[in-house]
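A short write-up of the structure that comes next.
The values are calculated or read from the model by the stated rules, or taken from the named source; none is laboratory data. All values derive from a computational prediction rather than experimental measurement. We place every Cβ from the backbone using ideal geometry, glycine too, and count neighbours over all the protein chains shown. We work out accessible area using only protein heavy atoms, side chains counted, and drop any ligands, DNA or RNA first. Shrake-Rupley method; radii C 1.70, N 1.55, O 1.52, S 1.80 Å.
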Amino acid sequence: MQKFGHFDDAKKEYVITSPRTPYPWINYLGTQAFFSLISNTAGGYCFYKDARLRRITRYRYNNVPIDMGGRYFYINDNGTIWNPGWSPVKTELDSYECRHGMGYTIITGKKNDLKAEVTFFVPQNYDGEVQQVVLTNEGKSAKTFKFFSFAEWCLWDAQDDCTNFQRNFSTGRVEVVGSTIYHKTEYRDRRDHFAFYTVNDTIDGYDTDRDSFIGLYNGFNDPQAVVAGKANNSFADGWSPIASHYKEITLQPGETKTLVFVLGYVEMPADKKFEADGVTINKEKALAMIDKFNTPEKVAAGLAELKAAWDKLLGIFNVNTPDDKVNRMVNIWNQYQCMVTFNLSRSASYFESGIGRGMGFRDSNQDILGFVHQIPDRARERLIDLASTQLEDGGCYHQYQPLTKKGNSDIGGDFSDDPLWMILSVGSYIKETGDWGILDELVPYDNDASKAKPMLDHLTVSFYHIVNNLGPHGLPLAMRADWNDCINLSCFSDTPGESFQTYTNPKFAAEGGYSKIAESVMVATLFTYAGPTYVGILKHLGKNDEAAKAQAEIDKMKKNVMESAFDGDWFLRAYDANGNKMGSKECEEGQIFIEPQGFAIMSEIGKEQGADKKTLAAIDERLNTKYGLVLNNPAFTKYYIQYGEISTYPGGYKENAGIFTHNNAWIICAAAYAGEGDQAFKYYSEIAPAFNEEISDLHKTEPYVYGQMVAGKDASRFGEGKNSWLTGTAAWNMVAISQYIIGVQPDFDGLKVDPSIPHEWDGFKATRQFRGATYNITVENPNHVCKGVKSLTVDGKAIDGVVVPAFDGGVHEVVVVLG
Ligand code: BGC
Ligand code: NOJ
């Protein structure tokens, strides 16, 4: 088993020491509007707000080799050609290191006494990527070498860019002024934005036409201009515009030269797009951007500002537990990943192409659960954007594009779980901030301002969307799918190409498009888990009748679940469209599913009959593996037309018995809730990336972030991770560790502290900023229990219960003794 680097916790960095990682290990730059993906060899691309509609640089997915295309610097040192990040030339370096930090990446390569250290970051409130190259001659004699930069422009709409060549090969346009190359494709016509790539020094040449720079029969690994050691001063006119600077550099022994590059994006108002000639682009804003980062001092200040911003964000919640790996996940990487998933939903990663999906309704609502404490104002804005795409009956568009913020009608709605996540996300926002005002905010339905209603109304229609769509057992209709996109109970697809998510069989047309028999137990338990948040809100507002009415629906649902959906030792998964049980002992395959179990336990369904402990035991016996809990067991080995996509995956992958780490968190929460701190922690540590660092060669994906999926026990590649970065796993594991295991959980009336930890822990410390106050929390565990607060004091005064009141500022000492 092998690692490919190590954590540097003091710097909040992961240090990669070999460029040959088992998969590209990436980082994200930018958290506001301009975003870049960058791999450990500087592959990747950037975009403005929307990875599909405003793609700035080009990237080819599923390439050979896998990670080709990026911002590349080439050095031709008397015929030895190399890149600081090893790829794409792949000349063996004398030393290599990549440090992925909070919003920045530093790649350092050394060859024949020449060292190149490149720092990449997107500064705060800045629409561009800054790249600082520090070249040092560490040898004993002078060195003269040729230096080239390289970026390939995308023609803005990334989908069109990779399909519509008959047009696109004739539209590319650039302008070159001094050391700045402007990408102005379509700017004359109907766009108000352009991009530029600049360097803070004179250059000895440039290229803007890809084929001139690379050569039609060469590759990124041997661009002909670099091989020839000189630029062509090519001017792109159609074909593929690029931006490459060329400079000959001489360094004396010990001498250093620093170059600062900026790859920026600019939007201009329609009447200011051009200079007087109506052709030359108005560079006013671009020049101001360039001026902001044209010296190493300004770069240092920008980087320091970025680091300070991250220190502040990560300072909101901090733990000091007996386990370094927990500390590193909670204090650094899990929170960092939550920011990334909050920003990008499931749009752009090395597994999501940026053209496939925008912001998912269920995904983004869940992402808020792990992010809300970082920047509550941004969570608020997102909640309003999401709710604005909701329909008046409580149904939801399943996705929206971040640029237009409009519901995506290609995918439509009718995913049965969608509305419920909004109750949880709005609830978590209010619990975090105490901002009840959000409920009065007028929020459109279907993006139509004339249909605006207060946010509270959106929660009401969300809640009743479930209640109004029940099946024969009084359980929620499954519709197209619930959280599990691959359980498609109204699909019955037998024709290639039908999308499991959007196709429903015409036989259900008369019933309104989907089966009125198929029911989701998962949505039932999600309803009983999320419903109390809605009730809590109503009670707080003094709407007691409405609260009682809603509570009655929750109680009824619990009863229905116990009557029709408890299989004796665990909860069923669904009733299919034929009225048959799914996820039951009676089934040949797929006898137990993970999804309904955690929410059922946390809703205390059947607790008095011991359903919670029985279910936890069944999970441990049937679903657990050393790398996490599989989604279902036994895996499906044939196609079940009545179930849909789930049975199309080979056993052990994705939704068919893969270890879907997102829903592992629900079990971690549930085990902790039920007082089983050891069990909760066992599952937590099976999947938390830092715990899998030692098996990086098997695990493959980054050891600092969660992936969506690890191959399950039925797969030949058991333990291999995929789909890293953009997954609800980030938010839910943040919730699981911080709110359920560490047990610091914002509540409507204060901060609840109710840990459920491994019994060996002597205790731990945590700090939490909450509604303007700081809580220094000390938990002592003298009797080595998992759960149970024996005493709780705040500033020396004992408190009844486990909720610490919200204070108006100040620092407060909270001491909790378990026992
Ligand atoms: C995947 C799901 C995904 C869905 C929607 C399915 O093929 O297995 O995880 O959510 O597609 O894109
Ligand atoms: C990935 C999707 O983004 C998410 O919404 C879904 O719940 C899971 N796949 C499970 O199918």
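Brief remarks follow.
- Residues R188, R380, R362, ordered by accessible area of protein heavy atoms at a 1.4 angstrom probe radius and largest first, appear as R188, R380, R362.
- Using a cutoff of 8 angstrom between alpha carbon atoms and counting only pairs six or more residues apart, the relative contact order for the stretch 60-120 works out to 21 percent.
- Estimated dipole of the chain in Debye, rounded to 20 [Cβ of Lys and Arg +1, of Asp and Glu -1, Cα centre]: 900
- Each of E275, E655 has its accessible area taken with a 1.4 Å probe; listed largest first, they run E275, E655.
- Prolate/oblate/rounded label for the stretch 593-702 (Cα gyration tensor, a/c 1.5): oblate
- Qualifying GluC sites (Glu not before Pro) for the stretch 342-429 [loop in DSSP, other Cβ within 10 Å: at most 16]: E392
- From helices alone, the chain scores -7500 deg cm²/dmol at 222 nm; the rule is -39500 (n - 2.57) for each run of n ≥ 4 DSSP H residues, then divide by the residue total.
- Estimated FRET transfer efficiency (A309, E586; beta-carbon r; R0 51 Å; 0.05): 0.40
- Model label points for D697 and S95, set 7 angstrom from Cα along the Cα-to-Cβ axis, are 2.5 nm apart.
- Potential extension, E186-A276 segment - 0.36 nm per residue separation minus Cα distance: 30.5 nm
- For D569 and A449, the difference between the fully extended length at 0.36 nm per residue and the C-alpha to C-alpha distance is 38.3 nm.
- Shape category assigned to the stretch 122-171 from the gyration tensor of Cα positions, a/c cut at 1.5: oblate
- Lysine pairs with alpha-carbon atoms under 25 Å apart, the stretch 606-741, spacing 8 or more or separate chains: 25
- Inter-part distance, the stretch 138-182 to the stretch 358-429, computed on C-alpha centroids, equals 37 Å.
- Set of the stretch 222-242 residues, backbone N closer than 19 Å to the point 7 Å along the Cα-Cβ line of F169: 235-242
- The angle between the Cα long axis of helix 418-433 and the longest principal axis of the Cα atoms of the chain comes to about 80 degrees, rounded to the nearest 10.
- Degrees separating the helix 677-687 axis from the principal Cα axis of the chain, which is the longest one: 30
- With a Förster radius of 25 Å applied to the C-beta separation of D808 and I316, the computed FRET efficiency comes to 0.90.
- Percent carbon-and-sulfur accessible area, the chain, ignoring ligands, DNA and RNA, probe 1.4 Å: 48
- Unit Cα scatterers, Debye sum, the stretch 771-819: log10 I(q)/I(0) for q = 0.15, 0.25, 0.27, 0.29 Å⁻¹: -0.39, -0.91, -1.01, -1.10
- Restricting the stretch 43-132 to GluC sites (Glu not before Pro) in coil, as DSSP defines it, with at most 12 other Cβ within 10 Å: E92
- Normalising the average separation of contacting C-alpha pairs (under 8 angstrom, six or more residues apart) by the number of residues puts the relative contact order of the stretch 102-182 at 17 percent.
- Centroid-to-centroid separation of the stretch 1-45 and the stretch 257-328 [C-alpha atoms, Å]: 19
- DSSP-defined beta bridges in the chain - what % are antiparallel, rounded to 5: 95
- Per residue, the accessible area of the chain comes to 34 Å², computed with a 1.4 Å probe over protein heavy atoms only.
- Inter-part distance where the stretch 599-625 and the stretch 478-516 are each reduced to a Cα centre, Å: 30
- Across the chain, C-alpha contacts under 8 Å between residues 6 or more apart give a mean separation that, scaled by the residue count, equals a relative contact order of 9 percent.
- For the stretch 220-306, the square roots a ≥ b ≥ c of the C-alpha gyration tensor eigenvalues yield an a/c of 1.5 or more together with a/b not exceeding b/c, which makes the shape oblate.
- In nm, spacing of pseudo-spin labels at L287 and D237 (7 Å Cα→C-beta vector): 2.7
- Evaluated on the stretch 485-578, the Kirkwood hydrodynamic radius is 15.5 Å, with distances taken between all distinct Cα atoms.
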